[in-house]
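Here is the structure we will look at, set down as C-alpha cells.
The values are calculated or read from the model by the stated rules, or taken from the named source; none is laboratory data. Nothing here was measured: the structure is a model prediction, and the numbers come from that model. Methodologically, a virtual Cβ is constructed for each residue, glycine included, from the backbone with ideal geometry; neighbour enumeration extends over all protein chains shown. Note: accessible area is taken over every heavy atom of the protein model, side chains too, but ligands, DNA and RNA are not part of it. Shrake-Rupley method; radii C 1.70, N 1.55, O 1.52, S 1.80 Å.
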Amino acid sequence: MKEKILVTTALPYANGPIHLGHLLEAVQADIWVRYQKAKGNDCYFFCADDTHGTPVMLAAQKAGITPEELVTKIHKEHYNDLSGFHIDYDNYYTTNSPENQKYAEEIYTTLKQKGHISSRDIEQSYCEHDKMFLPDRFIKGTCPKCGAKDQYGDGCESCGANYSPNDLLDSRCAICGNTPTVRSSKHLFFKLQDFEKPLLAWIQDPSHVQEGVSKKLQEWFDSGLQEWDISRDEPYFGFKIPGEDNKFFYVWLDAPIGYMASSQNYFHEKQQEFDEFWKKESGKIVHFVGKDILYFHTLFWPAMLMGSGYQTPDHVHVHGFMTVNGEKMSKSKGTFIKAATFLQHQDPEHLRFYLACKLNNSLEDMDLNFADYSARVNADLIGNLVNIVSRVSTSILDKLDRQLGKLTPEGNEYIQKLLEYRESIESAYETKVYSRAIREITAAGDMVNRYINDKAPWLLVKEDKEKAREVVTFALNAAKILAIYLKPIVPEICSKIFKLLNLAVDTNYSHIDTILEDQKVGEYRFLSKRVDEKAIKKMIQENTQKPKEEKVKQESQEKNGYISIQDVAKVELRVGFIKEANHVEGADKLLNVKVDLGDLGVKNVFAGIKAAYTPEELLGLKVVVVANLQPRKMKFGVSEAMLLASGSGESLSLFIPHKDAKAGDLLK
C-alpha cells in the first residue's frame, strides 16, 4: 500500500557555511527519501534555514548589513552547497517567513489559552556596553569547577561541568570583553511538565525513537521535567511575542515550526495535503536530527504539538557526530571542511557512497577516514558497479554494433540470484542501515564481475561474437538491477547507466524485473573516476591556510593604507566626560584618566598625552573616545578605551565634541 511520508532534516543555522557535519545528516535523509520515492511512496522532503537569534543579529552587524540581507545571502549559499551533493529537497525554505510567524503565534496563543504558559522574573547577565542580555554562549570566563579559562557560560568543554553563567569566574562579554552585570527581566515559560505522561508514553514507543534515544531521554523524566524559557529580550532578531512588550520568541521555539512553514509554503494551494500530515493521521512525519539537539525534537517539539492540536512526529531518527581521521573536525588541521571546498576537489557522489558504507541506525559517531574513503570508493564503487558497465560498454559493444542479444538460461539464473538480494537491500534502506545495503550490493556486484571474468567477453568477441553478445547482455541487465539498488546513494552515476541502456532516468523498482534483450545500447559516457588522493591532500593543505586570493587582497590593501567601510563601522565613537585625572608613577608619557561614558559607565584609560596636558587641565573636559576598544593590560593597569587626538608632543590636541554633547552620546 502506498504511504504518504513527510521527511525533514535539522535546519542549518544561518550564520555559517554548510560543512561535512551537515552533509552527514543531509545525505542520510536524502538516501532514505530517494528509496521511498523509488518504491512508489508519496514522500516529500523539506528543510529551511534557521535564521533567528542573537548570533545572526551580531553577524549581520559585523558585516554591516541587515539580518534580512544576511539570511538571504546565506540561504542561497546553503541551497547551492546542498544541491551540489544531490540533496533533492522538495522545498528548502526559511524560518524568517510569514508562514513561520503565523504558526509560531498560533501555537503559542493556543498553549497560553490552555494554561501551558507561565511568566516570572529571572536574573540574567547583561552587557552595559552592548546594551543587551547575553545568551550563555556569549559569556566567557574561567570554569568554577576545574579552572579552565575561556569557557562558555553554559558549560566547560575541558571538564564537562554544567553551571549557570553567574557561576563563571572572571566572566566577560564574548562580544566586547567587558564584565557583564546582572539584571532582572520578565520571561515566559512553556510548562513542559504538563505533558509528562503523554511524552513518556511517546518516547517509550519503539516506532518513535531508537532504543538509545529512549534511554537517554528517560534521564529527564527521572529528574523531573522543568519549564522551558521561550522568550528573549530585545535587541533580538526574531518574531515578537503577541501581547508582550519587547519580547521575542526564543529561536528554538520557532525553529522546528519551520518544518511546518516549509511544508505549508509547498502545499500553499493544497491545504488538504498539509492537514493530512499535521492535522490528521493519514501521513507520516519523519525527522532526521543529530544527537546534540535530540531534546528539542523529542521533548519540547512533541509537547508543543500535543498542546496545540497538531500531530506529533511518527519517528525522530537521531544520528551521531562526524569525526575526520579519528578526531573532531579541526580548522587548524584542515579537517573542518566546507561543502563548497569539498566540491572543488572531490566527486560528491564519492562522499555519498562512503557515508552510506558507514551509516547505520545507531547514535554512534561516524569517522571519515580519507585513506579508508579512497580504498572503499575505488574498490566497491569504481571497481565494482562502474567496472561492470565500463568493461563491456566500450570497445566490445562497438564490435557488436552496440546491439544486445538474448539472455541464456545460465544468465537468467544469475539474474534471479541478483533479484534475491532485493528483500535484504530494501530492509536495510528502510531501517536506515545503509552499511548493510552496501555490503549486499557489493556482494551482488562481485558475483557479476566474477561471471564476466570467467566468460572473458574481450576474448570471445574475437572468436564468437554471439557468445560475447550473450555475456554483454547479461552484464548490462545485471548492471541495471544493481543501479536500481544503488540509485538512492549515487543517483547521478545510476542515471547515466539508465541513459546508456535507453531507459528513463527515473527507472526504479517497478522496472527491476524487466529484461533488456534485442535492443540497441546508447553511446558510453564516462561514469566516474577513481579517487585522486593527491587532491585530498591538496584540499586539506588549502583548508589549513588562508586562501591565496584573500592574502593578496589583504596585503594589497595594507600596502596602500586602505581600510574598508566595514572597518570604519566597527569603531564606536562616544562623548566622554573626564571626571578624574592623575599622573602615572614611573611613566614619562602617560596620564591615567577616568572617563564617564554615560550608560556605558566609567572607563579607565591610560593616554600618552602628558607632554601636552596636566591632570588639572583635563578635569571636567569633554573628549571623543573610542568606546569599543578591546581592554588592554599594561604595566600600570588595564586601559579600557582610547582618547582621540591629533599632533604630537606639546602640540598634541584632544578631539573636543560640540559643547552641547552629553557623556555617552554616540558620534556618527
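Miscellaneous remarks
- Rounded to whole Å, sorted largest first: equivalent-ellipsoid semi-axes of the stretch 568-668, Cα gyration tensor: 20, 15, 13
- Working from label points 7 Å from Cα in the Cα-to-Cβ sense, the Asp464 to Ala379 distance is 3.5 nm.
- Vicinal HN-Hα couplings computed from phi for the stretch 252-257 (Karplus, 6.51 cos²θ - 1.76 cosθ + 1.60; Hz; Gly/Pro x): 6, 6, 8, 4, x, 5
- Calculated over the stretch 298-385: convex hull of Cα atoms, volume per residue (Å³): 154
- Charges were assigned to the Cβ only: +1 to each Lys and Arg, -1 to each Asp and Glu. The resulting dipole of the stretch 84-157 about its Cα centre is roughly 300 debye.
- Against the empirical curve 2.2 N^0.38 Å, the C-alpha radius of gyration of the stretch 613-668 lands at a ratio of 1.25.
- Reported to the nearest whole Å, the Cα centre-to-centre distance from the stretch 171-239 to the stretch 558-636 is 43.
- Based on Cα contacts under 8 Å between residues 6+ apart, the chain shows a relative contact order of 12 percent.
- Between the stretch 241-263 and the stretch 510-537, the C-alpha centres lie 47 angstrom from each other.
- Stokes-Einstein D for the stretch 203-291, Kirkwood Rh over Cα pairs, 37 °C, 0.692 mPa s (µm²/s): 202
- In summary, the aspartates and glutamates within cross-link reach of Lys2, defined as a Cα separation below 13 angstrom excluding same-chain residues under 8 places away, comprise Asp42.
- Scattering curve values for the stretch 424-544, log₁₀ I(q)/I(0), Debye with Cα scatterers, q = 0.10, 0.13, 0.23 Å⁻¹: -0.41, -0.66, -1.36
- With N counted as the residues of the stretch 40-187, its alpha-carbon radius of gyration over 2.2 N^0.38 Å works out to 1.34.
- Cα lying deepest toward the dipole's positive end in the chain, options Ser164, His86, Leu359, charges on Cβ: His86
- Extension gain, Glu123 to Phe321, is 67.9 nm, computed as 0.36 nm per intervening residue step minus the present C-alpha separation.
- Flagged links, alpha-carbon separation over 18 Å, of Lys247/Lys662; Lys603/Lys633; Lys73/Lys338; Lys73/Lys291; Lys4/Lys270; Lys338/Lys537: Lys247/Lys662; Lys73/Lys291
- Placing R0 at 35 angstrom, the Cβ-Cβ distance between Ser648 and Lys537 gives a FRET efficiency of 0.10 after rounding to 0.05.
- Accessible area per residue, Å², the chain with all protein chains present, probe 1.4 Å: 47
- Across the stretch 572-590, the residues whose backbone nitrogen lies under 19 Å from the label position 7 Å along the beta-carbon direction of Asn604 are 577-590.
- Qualifying trypsin sites (Lys or Arg not before Pro) in the stretch 561-602, where qualification requires a DSSP coil assignment and no more than 14 other C-beta atoms within 10 Å, comprise Lys589.
- Whole-percent pair-distance distribution, where bins are 5 Å wide, for the alpha carbons of the stretch 417-495: 3, 15, 23, 21, 15, 11, 7, 4, 1, 0
- Spatial separation of Cα centroids for the stretch 479-493 and the stretch 430-473, in angstrom: 14
- For the stretch 524-532, 3J(HN,Hα) per residue [Karplus equation, 6.51 cos²θ - 1.76 cosθ + 1.60, θ = phi - 60°, Hz, x = Gly/Pro]: 6, 10, 3, 8, 5, 9, 5, 5, 8
- Where no second cysteine Cβ lies under 4.7 Å, the cysteines concerned in the chain: Cys43, Cys47, Cys176, Cys357, Cys494
- In units of the compact-protein estimate 2.2 N^0.38 Å, the stretch 87-150 shows a Cα radius of gyration of 1.80.
- Computed over the stretch 1-92, the range of Cα coordinates on each principal axis works out to 53, 22, 16 Å, biggest value leading.
- Close amide H pairs (under 5 Å, H built 1.01 Å from N) link Phe655 with Val624, Leu644, Ala645, Ser646, residues at least 5 positions away or on another chain.
- Taking the square roots of 5 times each eigenvalue of the Cα gyration tensor of the chain, largest first, gives ellipsoid semi-axes of 59, 32, 20 Å.
- Residues in the stretch 421-435 that a label on Asn360 would reach, taking backbone N under 11 Å of a point 7 Å out along Cα→Cβ: 433-435
- Positive minus negative residues near Ala627 (Lys, Arg vs Asp, Glu; Cβ under 10 Å): 0
- Of all aspartates and glutamates in the structure, those lying under 15 Å Cα to Cα from Lys499, and not within fewer than 8 positions of it along the same chain, are Glu523.
- Size descriptor for the stretch 194-249, Kirkwood hydrodynamic radius: 13.8 Å (Cα pairs only, one decimal).
- Computed E for Ser164/Glu68 - FRET, C-beta separation, R0 45 angstrom, nearest 0.05: 0.85
- Calculated diffusion of the stretch 115-263, Stokes-Einstein form, Kirkwood radius summed over Cα pairs, 37 °C and 0.692 mPa s, µm²/s: 186
- Ordering Ser390, Leu299, Gly212 by Cα displacement along the dipole of the chain toward the positive end leaves Ser390 in first place; charges were set at the Cβ atoms of Lys, Arg (+1) and Asp, Glu (-1).
- Evaluated at q = 0.17, 0.20, 0.34 Å⁻¹, the base-10 log of the normalised Debye intensity for the stretch 593-634, with identical point scatterers placed on the Cα atoms, takes the values -0.52, -0.72, -1.43.
- Ligands, DNA and RNA left out, the 1.4 Å accessible surface of the stretch 267-342 is 48% carbon and sulfur atoms.
- FRET efficiency for Lys280 and Tyr509, using Cβ-Cβ distance with R0 set to 30 Å, rounded to 0.05: 0.60
- Phi angles across the stretch 67-81 convert, under the Karplus curve 6.51 cos²θ - 1.76 cosθ + 1.60 with θ = phi - 60°, into 3J(HN,Hα) values of x, 4, 5, 5, 5, 5, 5, 5, 4, 5, 5, 4, 5, 5, 5 Hz, Gly and Pro given as x.
- Helical content of the chain, expressed as a calculated mean residue ellipticity at 222 nm, amounts to -12000 deg cm²/dmol (DSSP H runs of 4 or more residues, -39,500 (n - 2.57) each, divided by residue number, nearest 500).
- Mean projected area (nm²) of the alpha-carbon convex hull when the stretch 277-424 is viewed from all directions: 14.9
- Inverting the pair-averaged 1/r between distinct Cα atoms of the stretch 367-475 gives 15.3 Å as its Kirkwood hydrodynamic radius.
- Less than 5 angstrom separates the built amide H of Lys247 from those of Ile241, all sequence-distant by 5 or more or on a different chain.
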